[in-house]
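Structure first, commentary second.
The values are calculated or read from the model by the stated rules, or taken from the named source; none is laboratory data. Predicted model only: the values in this text are computed from it and were never measured. Cβ placement follows ideal geometry from the backbone for every residue including glycine, while neighbour counts extend to all protein chains displayed.
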């Protein structure tokens, strides 16, 4: 299980993951998905939704502002994709 993206487990992510800074963009982008679900207990800047877009399972995750939180998000996502 992820430390900072609380609730995220291996297998939760889509085959494609989009990374955005602003958590508001996660909701905007995921509004284009079908079968949308939130897989992270939202805390601070990290918001992650997974759904289907044109027949593919897709994730979108926010990082917030700055390189520190971006590094955390990318590291946690990478770990979940490679377990």
**Item:** Failed condition for residue 21, given (1) farther than 11 Å from residue 63 by Cα; (2) touching a helix residue (DSSP H, G or I) at 6+ places or on another chain (Cβ under 9 Å)
**Value:** (1)
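Going by the structure shown, is residue 11 in a strand (DSSP E or B) and either out of contact with any strand residue (DSSP E or B) (no Cβ under 7 Å at 6 or more places or on another chain) or crowded, with 18+ Cβ neighbours inside 10 Å (or both)? Steps first, answer last, please.
On the way: in a strand (DSSP E or B): no; either out of contact with any strand residue (DSSP E or B) (no Cβ under 7 Å at 6 or more places or on another chain) or crowded, with 18+ Cβ neighbours inside 10 Å (or both): yes.
Answer is no for this residue.
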**Message:** Restricting to region 25-35, give me the number of residues that are at pLDDT below 95 and either assigned to a strand (DSSP E or B) or under 17 Å from residue 9 (Cβ atoms) (or both).
**Reply:** 0
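May I ask you to list the residues in region 54-72 that are assigned to a helix (DSSP H, G or I) and either surrounded by 11 or more Cβ atoms within 10 Å (Cβ to Cβ) or within 12 Å of the chain's Cα centre (by Cα) (or both)?
In the first step, residues of region 54-72 are kept if they are assigned to a helix (DSSP H, G or I); the result is 67-72.
Answer for region 54-72, where residues must be assigned to a helix (DSSP H, G or I) and either surrounded by 11 or more Cβ atoms within 10 Å (Cβ to Cβ) or within 12 Å of the chain's Cα centre (by Cα) (or both): 69, 70, 71, 72.
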**Message:** Scan region 16-25 and tell me whether some residue there is surrounded by 14 or more Cβ atoms within 10 Å (Cβ to Cβ) and in contact (Cβ under 8 Å) with a residue 60 or more places away in the chain.
**Reply:** yes
**Request:** Working only within region 26-51, note down all residues that are exposed (fewer than 15 other Cβ atoms within 10 Å of the Cβ), touching a residue at least 24 places away in the same chain (Cβ under 8 Å) and in contact with a strand residue (DSSP E or B) (Cβ under 9 Å, 6 or more places away or on another chain).
**Result:** none
**Request:** Kindly provide the set of residues from region 73-83 that are part of a helix (DSSP H, G or I) and free of Cβ contacts under 8 Å to residues at least 24 places away in the same chain, ordered by number.
**Result:** 75, 78
